[in-house]
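Structure first, commentary second.
The values are calculated or read from the model by the stated rules, or taken from the named source; none is laboratory data. Nothing here was measured: the structure is a model prediction, and the numbers come from that model. Backbone-built Cβ (ideal geometry, glycine too); neighbour counts: all protein chains shown.
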Amino acid sequence: MARQNFSRKNDEAARAAVAMIIEREISDPRIFMTTVTGVEVSPDKSVARIYVSNDPERYDQMLAGLESAKGRIRSLLGKAVGWRSTPELQFFVDEALDEGQRIADILATADSRREQFAAEEASDGA
């Protein structure tokens, strides 16, 4: 089922607020350079699924830092969005960026091999 317009607005408001909170209010080095890629707030605003990304080698540290700061993030989120109740926060690694980079690397390798093959064919035919 497609997200309703008000749901998308809630998702975006929460995403912007959480991103700002993580960037400006939380000083834990484990979450340095964390990017909030998306938020899905449940229709009753009881749960917010927060998708984050960082260097793949730092995923475990990042999630530990976010779990440690969850209470502060939730408190600041409640103040930022002004909803009647503040959702419980659940953090998830968004590996879509990693998958996109992996595909780009594969395509770049294929292009270089194709160019190498074409150059070998040209030199063999000369």
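Worth pointing out:
- For segment 71-95, taking the residues that are among the charged types (D, E, K, R) and buried (at least 16 other Cβ atoms within 10 Å of the Cβ), the one that is modelled with the lowest pLDDT is identified as D94.
- Any hit, segment 46-61, residues being outside any helix (DSSP H, G or I), surrounded by fewer than 16 Cβ atoms within 10 Å (Cβ to Cβ) and either touching a helix residue (DSSP H, G or I) at 6+ places or on another chain (Cβ under 6 Å) or of a type in the set (S, T, Y) (or both): yes
- Conditions (1) assigned by TED's automatic domain parsing to the domain that holds V18; (2) more than 14 Å from R15 (Cα to Cα); (3) β-branched (V, I, T): number failed by I73: (2)
- For segment 31-38, the criterion of being crowded, with 18+ Cβ neighbours inside 10 Å, in a helix (DSSP H, G or I) and in contact with a Phe, Trp or Tyr (Cβ under 7 Å, 6 or more places away or on another chain) is satisfied by no residue at all.
- Scan of segment 24-68 for residues that are of a type in the set (A, V, I, L, M) and either under 28 Å from F6 (Cα atoms) or not assigned by TED's automatic domain parsing to the domain that holds A14 (or both), ordered by number: V36, V39, V41, V47, A48, I50, V52, L66
- Residue count for segment 33-61, restricted to those that are more than 12 Å from the chain's Cα centre (by Cα) and within 21 Å of Q101 (Cβ to Cβ): 4
- Within segment 34-47, residues that are among the acidic types (D, E) reach partners that are not in a strand (DSSP E or B) with beta carbons closer than 7 Å, at six or more positions or on different chains, in the pairs E40/D11.
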